1. Please express the Cα-Cα pair-distance distribution P(r) of segment 7-159 as a list of whole percents, one per 5 Å bin, running from 0 to the bin with the greatest distance.
2. Work out from phi, with θ = phi - 60° and the Karplus expression 6.51 cos²θ - 1.76 cosθ + 1.60, the ³J(HN,Hα) of each residue of segment 160-175, listed in order in whole Hz, and give x for Gly and Pro.
3. Picking from Ala10, Gln141, Ala113, whose Cα lies most toward the positive end of the charge dipole for segment 7-159 (charges on Cβ: Lys, Arg +1; Asp, Glu -1)?
4. Hey, got the Cα dimensions of segment 25-72 along the principal axes, in Å, largest first?
5. Which ³J(HN,Hα) values in Hz, rounded to whole numbers, follow from the phi angles of segment 89-104 under the Karplus curve 6.51 cos²θ - 1.76 cosθ + 1.60, where θ = phi - 60° and Gly and Pro get x?
6. Once phi is turned into θ = phi - 60°, what whole-Hz ³J(HN,Hα) does the Karplus curve with 6.51, -1.76 and 1.60 give for every residue of segment 36-52, x standing for Gly and Pro?
7. Could you run the Debye sum over the Cα atoms of segment 31-108, one equal point scatterer each and no solvent, and tell me log10 of I(q)/I(0) at q = 0.11, 0.14, 0.15, 0.23 Å⁻¹, two decimals?
8. With a ≥ b ≥ c taken as the square roots of the eigenvalues of the C-alpha gyration tensor of segment 167-223, please select rounded if a/c is under 1.5 and otherwise prolate if a/b is larger than b/c or oblate if it is not?
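Any read-out appearing in this document is the output of simple, stated calculations on the displayed coordinates, not a laboratory observation. What you see is a predicted model, and the numbers here were worked out from it, not measured in a lab. Cβ placement follows ideal geometry from the backbone for every residue including glycine, while neighbour counts extend to all protein chains displayed.
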Amino acid sequence: MGAATGAGQAILDRIAQHEVERARIEAQISADMLAFQDVARAEAEKNTDPRVRDLEASFAAEQLGAVLHQPTKIVQDRLAQTRRVRNLLPSTWLAHLSGRIDAYRVSLIAAAADKVRGNNHHLIHLDAIITAYAQTHTTAQLKGKLNRFVATYAPTGAAKAERARRYVSLTHGDDGMSHLHAYIPTPDAIRIHAQLTATAKTGGSVDGRTFDQRRADAFIAQMRGTLTGQTISSRAVIGITIPCTSLAGFSDEPGQSWDGTFALPADVVRGLAAEPGTLFHRVITDPLGRVLDITELGRFPSHRLRIAIDIRDGTCRLPACNLPAIDCDIDHEIPHPRGPTVASNLRGLCRRHHNLKTAGITEPTTLTMDTHRPSAPEHDFASFAVRWTYAA
């Protein structure tokens, strides 16, 4: 493939310049984020209560998240990474400010620096060798070099500490499909992958499935215990909000998950509803998506009202927080006992943001509840639908 000339080269030059400008803007945003965090910390120091002072200082991440439209955890990670690079890796930081290294590469370098930051000599060495390399290599190549650096210079026990970070997470995709991610020790990952590959090879392709499909099916079957004969419960607890017309088969509007992270086609929801062993906490809505309000005595909502609040809110009601509502506290917008235990006065707040509200640092005034009260026919129909659903 020959070198670009004329108009083609001019386009390539513009793309390269745009990339530099993008990296410069990313660096300036990161620098301003640190400056804002520093101002917030300075203001918080004026508070004499240590607990409230720490909460107030940490609230900068929520404020930045609201502006950046990013979850608080993402903002916290970016602040920590940027501060680490600015304070410990001056050459890398200057390259970022000049647009020679973008924010993603900076985050990779920051992660490596975190694993060797107990030794200043190693940090100086990393800063000296990685700046030029990051400018001229792909991110995959940069990851490989950083991995080799960490393996060589990380302190004793670093591998054990990294293993302590193992986890499994779930990311929902489209059309009823999801990604299941596992961060596990490499030997175990290799063994599992090899076992799934061997199982997929024995299945052949006579049924029309591809090799990848057979391997995915083997994974599902093994996790559900059908290949090894284990007794693993396949009972699923699924929170779905779906119009009653879809559940009954009169329309095909999809079901929405509690936290809004995925949708399921109507036919999939109907199939799950008919599957033995699946428990559906079903909140039946009218075509406008409205749910009956429920008022209860006492401070704490009943189990069924709690389920309704979790499904309605989906996540913590503070902007930029995506903790699922099922893991949140139930907060009275108007404090109990003055405020009733009623759906319109209840909201999900994660423990951290609940504490922020209690300390008077923030009041999520944007979280106004739906004040709609259903008409008598709506009330009667929804009550009948709920009774019918739970009896089914």
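1. Each 5 Å bin holds this share of Cα pairs: 1, 9, 16, 17, 17, 14, 12, 8, 3, 1, 1, 0, 0.
2. In residue order, the calculated couplings are 5, 5, 5, 4, 5, 8, 4, 7, 10, 10, 10, 10, 7, x, 9, 6 Hz.
3. Of the listed residues, the answer is Gln141.
4. Computed over the Cα atoms, the extents are 37, 19, 10 Å.
5. 10, x, 5, 5, 5, 5, 5, 5, 4, 7, x, 7, 10, 7, 5, 5
6. 5, 4, 5, 5, 4, 5, 5, 5, 5, 4, 6, 7, 7, 8, x, 5, 5
7. -0.32, -0.51, -0.57, -1.06
8. Details: a/c = 2.97, a/b = 1.19, b/c = 2.51.
Oblate is the answer for segment 167-223, as a/c is 1.5 or above yet b/c matches or exceeds a/b.
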